[in-house]
Amino acid sequence: MLNFIARRVLATVPVLAIVAVLVFLLLRLTPGDPAAILAGDAASADQIARIRIELGLDQPILVQFGIWLGHMLTGNLGESFYYKVQVTELIAQRLEPTLSLAALTIVFAVLVSVPLGAIAAWRFGGWFDRALMGFSVLGFSIPVFVLAYILIWIVSLKLGWLPVQGYKRFADGAGPWLQHLILPSITLSVIFIALIARVTRASVLEALGEDYIRTARAKGLPELRVLVRHAVANAAVPIVTVIGIGIALLIGGVVVTESVYAIPGLGRLTVDAVLSRDFPTIQGVILFFSVVYVLVNLLVDLSYVFLDPRIRY
Amino acid sequence: MNLQTLSVESANVALQANAWARVRRNWSVRIGGAALALLVIIAVAAPWLGTVDPTLFDAASRDLVPGQAGEITTLDGEIIKHKFLFGSDSFGRDIYSRVMYGTRVSLAVGLLAAMLSLAFGIVSGLSAGYLRWIDGVLMRIMDGLMAIPAILIAIALVAMWRGSLTTVIIAIAIPEIPRVTRLVRSLVLSIREEPYVEAAVALGTPTWKIMFGHILPNTVAPLVVQGTYICAAAILVEAILSFLGVGLPPDIPTWGNIMAEGRPQFNQYPHNIFIPGVFLAITVLAVNILGDGLRDTLDPKMAKRV
Amino acid sequence: MSVLEVRGLTIALPPGGDRREAAANVSFTVDRGEIVCLVGESGSGKSVIAQAIMGLLPATLPVTAGEILLEGEDVARAGAPRLRQLRASRMSMIFQEPMTALNPVMTCGDQIDEVLREHTQLTAAERRGKILDIVREVALPEPERIVASYPHQLSGGQRQRIMIAMALVLEPALLIADEPTTALDVTTQAQILKLIQDLQKRHGTGVLFITHDFGVVADVAHRVAVLRLGKLVELGGKDEVLKRPRHDYTRMLIGAVPTLQPHGRSAEGATEPVLRTVDLCKTYHDRGWFGRRREVNAVQDVSIEIRRGQTLGIVGESGSGKSTVARCIIRLIDPTSGEVRLHGVDIARMSAAELRPLRRRVQIVFQDPYRSLNPRRTVLEAVIEGPLNYGVPRHQAIERARELMELVRMDPGSMSRYPHQFSGGQRQRICIARALAQEPELLIADEAVSALDVSVQAQVLELLEDIRTRLNLAMLFITHDLRVAAQICDHVAVMSQGRIVEYGPAAEVFATPRHEYTRALFEAAPGRDFAFGAA
C-alpha cells in the first residue's frame, strides 16, 4: 500500500513539471512579439519595452524559464498588470466564491447522479434508464450559459424567487450566501450530473454482468443489497475517477457561470484578465487551476486504496 | 460429424450483420443525421434563405422584436425594407441573418477541430503504441496537457493569437489531442496482443503492414465515435469563447457573438440569447445523438462502457 | 421423496435464435445423497436448466411449461421473496469461475456472513463460529486468516472452497455445481471433486453436477443425464450410460473422448530433427520501486527436439511455462538465453530482418478460435496473407488457398466470408489452413483444441494427425489435457514451474511415469481408471 501511495505521489511530480513548462510556453510561443501583443494596439514603443523587461522577455528562453520557475516554486506568481497587486493575493481574494460554487456543485451532483445512474443500470433498458440517458445527452448538449439564462429568466425574472446575480460572502450569513449560489450550482451541476450518471450507469451495468452478482443472487440476498453492496461497491473506482476527471469540466463551467451570474470568483478573474491582457494573472490562474486539478486527481487515485482491496495489498 | 452439423454450431454465434447496415437502421443515427443534414443545408444555403448580409446594420432598426418590419442599409448605402424574423440587436443588425450565417462557423469549427485533433492524435497514438522509446516521453507530455482544463488552454491561446477562424480551431483542437492519443494508444496496445496480430507476425507480415492492415482498421469505429464527441465539444467551446468576448471578432456572425451582444439587454430582449442558444443546443444535441448511435452500432464494446 | 424433481421443463429462447427452446420437455430427479451429472456440449442448455432451478434466469428466457419440485415445492412458480428464502438455505449453487464468482471488494468471511445474516437470526459471535467451522470443513488452512482475506489473495482452488463453504453453510438439500472444476488445473480439480463428494456424503446433500467432461462424470456421478440441443437424450445409471450408451449421440460423445492410452505408434525412427532448443530460458523482470527487483523464471533450461513427421507434446498446468516455450520458438517473444536451432541454425537472437526468410518455416495455431482471425478480413485474405508476404503471385496464392481449404475439409466457396460467419471448429480449421499456406516444416498447436467441444475436438485432432502424416510435418503440441496428449503425441515433455521434469517417448512416459509430478498429474486425471464403453 505504501508502495502504491509513494508511486502515485511521485508520479505527479513530472506531470506538475510538464504543466509548468506548458503554461510557461503557452503565452510565449506566439507569432510575433509577445510584449507587443500584451501591450495592446494603442501601446507606445516605451510601454512595449517596459513590458519586455518586466517579463524578462529580452533574456534567452531557458533563462526566462529558470527565473520563472524559481518564482513559481517560491509562490511568487508576479504582479498583476491591471490590478497592480500580487497575483497570489488576487487569487486568494477570489477563491471563496469559486470554492463555494464548486463544492456545492460537486456535492449536489454526486448525491443526485450516483443513485440515478445505479437505478438506471439496475433497470437497464426500462423507461427510467431511457429517460436518464435522454437527459444526459441533453445535459451534455445544452450550453452552460444558455441554461444559466433560462434559469435566470424563469426563476429570477418571472417568478422572482431568487436573486438574479451577484454573490454574498459566507461570513455575511449562510442564507444569502446559499440563495446566491443555488442557481449557479444547479446550472453548473447539470453537465456534471450527466457525466457522472452516465459513467455510474455504465460501470454498475458492467458490475451487474459479473459472476459475483449471480453468486450474490444465488445466496438469496435482497436486490437492494445486491445493487449497493455488490454492484455499486465494485463500480466505485470508475465513478470516483470520473468525478476527478470531471473537475476539468467544472473549471471550464466555473469560468462561464461566474461570468453570467456576476460572481467575483476565479473564473470571472480569468475572463477579465484575458480581456485586459493581464498576462501574469492569466498565467497564474491557469497554473493554479491546473495544479488544483492534478492534486484533486492525486487524491482520487489515493482513494482507490479504500475502494479496492486489490490495490491495498 | 460433417459440415452439416458444424453449421448448427455457427448459428449459435451472434450473427453480426454488415456494420453499415446496422448504422443505417439505428434511430439515433437517423435522427441525429437528419438534423445535422438540415443544419448543413442551412449553412450552405444561408444567402438564399431570405437573409441579408449579416454584417449590415441600421440605426433606425435597433432592438426590434421578432417579426417586426423595419429597414436596413446595404453596403451601397441603399435602404431596403426587411422583415426582422428574429428581431434585431442593439446595432440594428438582423438576428435571423446572423443566426443563419452563424451555422457556418459552428459546423466548420466542429468538423475541422475534430479532424485536426484526430489526425494529430492518430499519429501520436500510433507512435506511442508502437515505438517503445517515444512512449514514455510522449505520454507524460499528454498527461501534462490534459491537466490544464481545455477551456483555459483555448482561452489563453486565442487571447495570444488574436481570434480568427484558424486560430480558434487550432486552439480548440489542441486540448483534445491527448484524449485521442490515449484512445489510439490503448487500442493499439490491446489489439497488438490479439492472437490474429501475433499470427500475422508469425506469417512474416512486416510491421508497417500490421499497423495499417490489421491494427488501424480496427480502431476506425471508436475513432469515428470519438470524433463526433470532439465535434460537439468544439462547437460548444467556440460558442463559449465568443460569448465571453475572447473568440472570433464580434462583427463575425457566430451564435456565441450574437448572445454576447444580447447580454446587456437580456431583461428586455431575452430572445437575443434564446434563439441562437436553441440553435446551438440543437446542433450539439444532433451531433451527440449521432455519436451515441454510432457508438451503439459500430462499437458495441464501448457502448457497454459508457 | 426426491430432493429435486424436474418434470417436463421447457424454457423458451428469444425469437431469432437457432432453435425455439433452450430446454424442451426435460424431466429428471435428484435424490438425497445422490450426484446426478447433467452432461452436454456448449449450447446444450445445461446451464440454463441449472439457473432455472435457482430461479436466476433472465426474463428473456422464461419457463413456459413444466414443474421444478424442490422437496415437493414447485419453485418454477414461486414468487421472488420465496425464492430468496429458499436460495442458500434449501438450494445452493457453485459456479465455473472461482476467480470471478466472488466479490473482489469484500472479505471472504463477510461474503459467507451475508448468507447467515440474511437467512438466520444468529448473533455476531454465533455467526463467526459457524463461519470458522465451515471454513475448516472445506479444509482450508488457517481459517482465521482465510476469513479475513480478500478473494484475490487466494488461489483458484481456495476460492472454489470458499464458494463451496458459502453454498453449504446452511446445509441445503440441493447443491447445483455448474462446471465447478473446469477452470481449475487438473490436480486442483481432483481435490475439489473429492471435497464435493466428501461433503455430499457427510450431509446427504443431493447434487446436480453440470459438466462437459466425461472423465469427471466417470469420477463423481451416480446417475447421468445427457442433453443435446435442449433435449434430454439419455438418462440412467453411470455404468449403464458410460459403458452401454443406447443413444447415438451419447455413443458419439463417448467415442470422441480421447483415451489415456498412448496411441502406440512407434515413436522411434531416424528422421532428421527440424528444431532443437538448447537450454532455453525466459526470465521476466518486474521493475519494482526503490531498487527492488523481482525475477520470474518463466522458462528454465528447456532442451527439446522435434523431428520431421513426429509430434512432440508439451504437457503442463497453467503457469508451467509451456506456452512461453512455444512463443520463444516462434520468436513472438525473445528468449533470455539458450538456443533455438532451426535445422542447426540458431534463430534465438536473430534480428527481425535476418529472421524474416526463416519465419515461414515455423507456423502456429492458437487456442482461442474467436480471436485468432482478424474480424475485418475475409477468410481468403487471411489464408493468402502469408504467401503474399513472400512474393507469391496473388492468383497462385488463391489457387493454393482453395486446395488448403479442401485439405482442412472446408468448402473453398466459403472463402469470401468473414470469420464471424463460422463456428469455433471451422475457424480453427481456417487457422490451420492459414498456417499451412506457408508450407511450414514445423507446426505449433498452442492449446489448439482446448476451447472446442469434445466432438469438434476429436475432428480437429484427427485433421491435425492426418495433415502431419500427409505433409510429413514436425509438430509441437502444447496442451494441459493428458488425454489429448496421449492421443496425438509421439514424445512428451512434462513441464512444471518453467522446467521440464520428464521427457521421453509418449508410450514410456504414460506407462511408467518416473517423476513425482508426472505421477501426481496422472493420478489426478479425471476418470483415468474408467473404461468407457463405446470407444
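The values are calculated or read from the model by the stated rules, or taken from the named source; none is laboratory data. Here the structure is a predicted model, which is why all the values come from computation and not from measurement. Counting neighbours? That spans all protein chains shown, and the Cβs are built from the backbone with ideal geometry, glycine included.
Miscellaneous remarks
- Filtered residues of the range B:209-218 (kept if surrounded by fewer than 17 Cβ atoms within 10 Å (Cβ to Cβ) and at the interface with another protein chain (Cβ under 10 Å from one of its Cβ atoms)): B:209, B:217
- When residues of the range B:180-199 are limited to those that are of a type in the set (S, T, N, Q) and surrounded by fewer than 20 Cβ atoms within 10 Å (Cβ to Cβ), the one farthest from the chain's Cα centre (by Cα): B:190
- Matching residues, the range C:442-460, being among the aliphatic types (A, V, I, L, M), in contact with a helix residue (DSSP H, G or I) (Cβ under 7 Å, 6 or more places away or on another chain) and in a strand (DSSP E or B): C:443, C:444, C:445
- Tally of residues being within 7 Å of chain A (Cβ to nearest Cβ) and aliphatic (A, V, I, L, M) across the range C:87-130: 6
- Apart from one condition, residue B:233 fits all of (1) touching a Ser or Thr at 6+ places or on another chain (Cβ under 9 Å); (2) closer than 25 Å to residue B:41 by Cβ; (3) of a type outside the set (Lys, Arg); (4) in contact (Cβ under 8 Å) with a residue 40 or more places away in the chain; the exception is (1).
- Residues that are among the small types (Gly, Ala, Ser) and at pLDDT 80 or above, drawn from the range B:8-46: B:28, B:32, B:33, B:34, B:35, B:37, B:43, B:45
- Residue tally, condition within 9 Å of chain C (Cβ to nearest Cβ) and hydroxyl-bearing (Ser, Thr, Tyr), over the range B:152-199: 1
- The single condition among (1) under 22 Å from residue C:405 (Cα atoms); (2) modelled with pLDDT of 90 or more; (3) away from chain B (no Cβ under 11 Å) that residue C:446 does not meet is (3).
- Screening A:94, A:201, A:130 for residues that are modelled with pLDDT of 90 or more and more than 20 Å from residue B:289 (Cα to Cα) leaves exactly one candidate, A:94.
- Checking every residue in the range C:275-289 against the condition of being over 30 Å from residue C:70 (Cα atoms), in contact with an Asp or Glu (Cβ under 6 Å, 6 or more places away or on another chain), of a type in the set (A, V, I, L, M, F, W, C) and at pLDDT 90 or above gives at least one match.
- Of all residues in the range B:157-171 being small (Gly, Ala, Ser) and not in a loop (DSSP other than H, G, I, E, B), the one that is modelled with the highest pLDDT: B:171
- Considering the range B:255-271, the residues that are more than 10 Å from every other protein chain (Cβ to nearest Cβ) and in a helix (DSSP H, G or I) include one that is surrounded by the fewest Cβ atoms within 10 Å (Cβ to Cβ), namely B:264.
- Among the criteria (1) more than 17 Å from the chain's Cα centre (by Cα); (2) modelled with pLDDT of 85 or more; (3) more than 14 Å from chain B (Cβ to nearest Cβ), the one residue C:525 does not fulfil is (1).
- Just one of the listed residues (C:60, C:64) is in contact with a Pro (Cβ under 8 Å, 6 or more places away or on another chain) and either crowded, with 16+ Cβ neighbours inside 10 Å or outside any helix (DSSP H, G or I) (or both), namely C:60.
- Candidate set from the range B:203-226 (those that are of a type in the set (A, V, I, L, M, F, W, C) and farther than 24 Å from residue C:386 by Cβ); member that is modelled with the highest pLDDT: B:223
- Residue check for residue C:438: touching a residue at least 12 places away in the same chain (Cβ under 8 Å), within 13 Å of chain B (Cβ to nearest Cβ) and more than 22 Å from residue C:257 (Cβ to Cβ): yes
- Only a single item in (1) more than 23 Å from residue C:202 (Cα to Cα); (2) surrounded by fewer than 21 Cβ atoms within 10 Å (Cβ to Cβ) is not met by residue C:151, and it is number (2).
- If the condition is being of a type in the set (D, E, K, R) and modelled with pLDDT of 90 or more, then the range B:177-197 contributes B:179, B:182, B:185.
- Subset of the range C:331-364 (residues that are in a strand (DSSP E or B), polar (S, T, N, Q) and over 30 Å from residue C:428 (Cα atoms)): C:337
- Restricting the search to helices (runs of 4 or more DSSP H) fully inside the range C:105-224 and requiring at least 3 residues that are free of Cβ contacts under 8 Å to residues at least 40 places away in the same chain gives C:108-119, C:124-137, C:143-147, C:186-203.
- No other residue among B:202, B:233, B:221 is facing another protein chain (nearest Cβ under 7 Å), surrounded by 19 or more Cβ atoms within 10 Å (Cβ to Cβ) and either closer than 30 Å to residue A:258 by Cα or not basic (Lys, Arg) (or both) apart from B:202.
- Segments classed as helices (runs of 4 or more DSSP H), wholly inside the range A:210-292, with at least 2 members that are of a type in the set (S, T, N, Q) and more than 14 Å from chain C (Cβ to nearest Cβ): A:233-260
- Test for residue A:148: is it part of a helix (DSSP H, G or I) and either in contact with an Asp or Glu (Cβ under 8 Å, 6 or more places away or on another chain) or at positive phi (or both): no
- Qualifying residue in the range C:330-343 (condition: farther than 20 Å from residue C:443 by Cβ, more than 24 Å from the chain's Cα centre (by Cα) and touching a residue at least 60 places away in the same chain (Cβ under 8 Å)): yes
- Options A:143, A:163, A:184: the member that is within 27 Å of residue B:285 (Cα to Cα), away from every other protein chain (no Cβ under 11 Å) and crowded, with 16+ Cβ neighbours inside 10 Å: A:184
Condition check ((1) in contact (Cβ under 8 Å) with a residue 24 or more places away in the chain; (2) closer than 24 Å to residue B:156 by Cβ) across all residues:
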residue	(1), (2)
A:43	no, yes
A:50	no, yes
A:60	no, yes
A:72	yes, yes
A:76	no, yes
A:88	yes, yes
A:95	yes, yes
A:101	yes, yes
A:107	no, no
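- Residue satisfying all of: in the range C:24-57; under 17 Å from residue C:77 (Cα atoms), of a type in the set (A, V, I, L, M, F, W, C) and under 24 Å from the mean Cα position of the chain (by Cα); surrounded by the most Cβ atoms within 10 Å (Cβ to Cβ) among these: C:49
- Being more than 8 Å from chain A (Cβ to nearest Cβ), of a type outside the set (Asp, Glu), surrounded by 23 or more Cβ atoms within 10 Å (Cβ to Cβ) and on the phi < 0 side of the Ramachandran plot is a property that residue B:239 lacks.
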